[in-house]
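Q: Before I ask anything, here is the structure I am working with.
The values are calculated or read from the model by the stated rules, or taken from the named source; none is laboratory data. Every value quoted in this text rests on a predicted model; they were computed, and no experiment measured them. Every residue, glycine as well, gets a Cβ built from its backbone with ideal geometry; the counts of neighbours run over all protein chains shown. Side chains are part of the model used for accessible areas, which takes the heavy atoms of the whole protein and leaves out ligands, DNA and RNA. Shrake-Rupley method; radii C 1.70, N 1.55, O 1.52, S 1.80 Å.
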Amino acid sequence: MPCGLADFTFHVPAPAQRAVCTSRLKAPLGMQCIRSGSPLQQGRLSRQHLFCKKVSKVVQAVALPVSPTIPDDVEQRKQMCESYGFTQIGVPLPENVTLKDVMDSLPKKVFEIDDIKAWKSILISVTSYALGIFMIAKSPWYLLPLAWAWTGTAVTGFFVIGHDCAHKSFSRNKLVEDIIGTLAFLPLIYPYEPWRFKHDRHHAKTNMLLEDTAWQPIMKKEFDSKPVFRKGIILGYGPFRTWMSIAHWLVWHFDLKKFRPNEVGRVKISLACVFAFIAIGWPLIVYKTGIIGWLKFWFMPWMGYHFWMSTFTMVHHTAPHVPFKNLDEWNAAQAQLGGTVHCNYPQWIEILCHEINVHIPHHISPRIPSYNLRAAHQSLQENWGKYLNEANWNWRLMKTIMTTCHVYSKEQNYVAFDDIAPKESLPIKFLRTLMPDYA
């Protein structure tokens, strides 16, 4: 159960330093010690930051409160890592560092568009999606979930291609990007231009309270407004959080009133393309395979895509120690570098999704193509490593987000639903019991 800040405070004025396990530090299970002076320490991990290396054993949870501040003491940050499911919790970025300072530290080559690599990403997505459709067609019923998981992940690659097009990092030709972006989004019935306009705002106002168009904490006033609405919020931000992007897709992208007058023309074109795909594509699928075929070949992979859409976005910007700030307190460099989380996934997922999980450099500059994100992240690790938040995708990370990061609190960043409305928060208590606590 999360604790309030009043239950736990930090009083350690010592400067930040690297946490290195030794024989005197009783490292918990799952933490591999790095001895001082070892080749590993002297090499890639020589920068000053907290590093926790995952091994195959299960890490037991460490009781730690939701805290708005990141302690300077490395041992306490290590406890936060273990409690939240992170491998590294970065120290706060100094106030005088600007986003331009961080961007200027990146190698120029990471901004270069490579047409061969760009079209290779299309080949990977088309081939993996076609393989997924074949698997669905040929799999017995008990293997269909595996086929859907593969196909939903493959079609997420289409979204990432369109995502690069929207950020002008796919091609030097804007018309090519608009065409490829629109086509890539069509199987997802996602309107390209409406998403592009709203996504630009997400990058301009990442983790800005009430302004970021991606994830937002629930405001207490909203939570208290209506009992029915409250129940929906608890379900949406609890057990159904990994599909909440469906609600985001519906709310943000089909209402013309949400767009500026100069945007409406392009929005209408995208909406017409989406509705044309629905009007032509869906009947063809039903005609060839029936309603069951529509569910098997389109709907279930689409749900798989939304699982990844929700999960990636949620993990990238949501953690107990990552704050949302008002405009007068918001700092672009702190939000983009320290407010974005790098998370490693199984390699096949990263390949099919074109490494969109390597997300911190993408928020330093959206103009970095997806195939250069890994090199850009390596540069950030070398130059800004101690400020980065990093994790390996694990049960504890997801459990922390889904059971703790709910209602906005300026003092604590987040307050869990069951701390505010325990009687109505049975879904959250159910998740706490059901979800494993492995890291």
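Here is a yes/no grid of residues against (1) touching a residue at least 40 places away in the same chain (Cβ under 8 Å); (2) of a type outside the set (A, V, I, L, M, F, W, C); (3) part of a helix (DSSP H, G or I); (4) touching a Pro at 6+ places or on another chain (Cβ under 6 Å):
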residue	(1), (2), (3), (4)
Lys109	yes, yes, yes, no
Ser121	yes, yes, yes, no
Ala149	yes, no, yes, no
Phe159	yes, no, yes, no
Asp212	yes, yes, no, no
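Q: If you don't mind, there's one more thing I want to ask. Could you identify the single residue in Trp282, Trp243, Trp249 that is within 30 Å of Leu434 (Cα to Cα) and either open to solvent by 60 Å² or more (accessible area, probe 1.4 Å) or without any contact (Cβ under 8 Å) to a residue 40 or more places away in the chain (or both)?
A: Trp243
Q: A follow-up question, please. Could we say that Phe254 is open to solvent by 20 Å² or more (accessible area, probe 1.4 Å), touching a residue at least 12 places away in the same chain (Cβ under 8 Å) and more than 28 Å from Met398 (Cβ to Cβ) here?
A: When the stated conditions are applied, Phe254 passes them.
This table checks each residue for (1) closer than 20 Å to Glu193 by Cβ; (2) over 21 Å from the mean Cα position of the chain (by Cα); (3) modelled with pLDDT under 95.
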residue: Gln216; (1), (2), (3): no, no, yes
residue: Lys221; (1), (2), (3): no, yes, yes
residue: Ser225; (1), (2), (3): no, yes, yes
residue: Arg230; (1), (2), (3): no, yes, yes
residue: Ile246; (1), (2), (3): yes, no, no
residue: His253; (1), (2), (3): yes, no, no
residue: Leu256; (1), (2), (3): yes, yes, no
residue: Asn262; (1), (2), (3): yes, yes, no
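Q: Among what's in segment 372-393 and is under 13 Å from the mean Cα position of the chain (by Cα) and of a type outside the set (Gly, Ala, Ser), pick the residue that is most open to solvent (accessible area, probe 1.4 Å).
A: Trp393
Q: Collect the residues in segment 228-258 that are outside any helix (DSSP H, G or I) and closer than 23 Å to Phe312 by Cβ, keeping them in residue-number order.
A: Tyr237, Gly238, Pro239, Phe240, Met244, Phe254
Q: Can you find a residue that is open to solvent by less than 50 Å² (accessible area, probe 1.4 Å), outside any strand (DSSP E or B) and touching a Leu at 6+ places or on another chain (Cβ under 6 Å) anywhere in segment 288-295?
A: The answer is no; no qualifying residue exists.
Q: Can you tell me which of (1) part of a helix (DSSP H, G or I); (2) within 22 Å of the chain's Cα centre (by Cα); (3) modelled with pLDDT of 95 or more; (4) not acidic (Asp, Glu) is the one Phe86 doesn't meet?
A: It is condition (1) that Phe86 fails.
Q: Of all residues in segment 338-354 being of a type outside the set (A, V, I, L, M, F, W, C) and in a strand (DSSP E or B), which is farthest from the chain's Cα centre (by Cα)?
A: Among those residues, the one meeting the criterion is Asn344.
Q: Would it be correct to say that Phe312 is open to solvent by 40 Å² or more (accessible area, probe 1.4 Å), closer than 22 Å to Trp148 by Cα and in a helix (DSSP H, G or I)?
A: no
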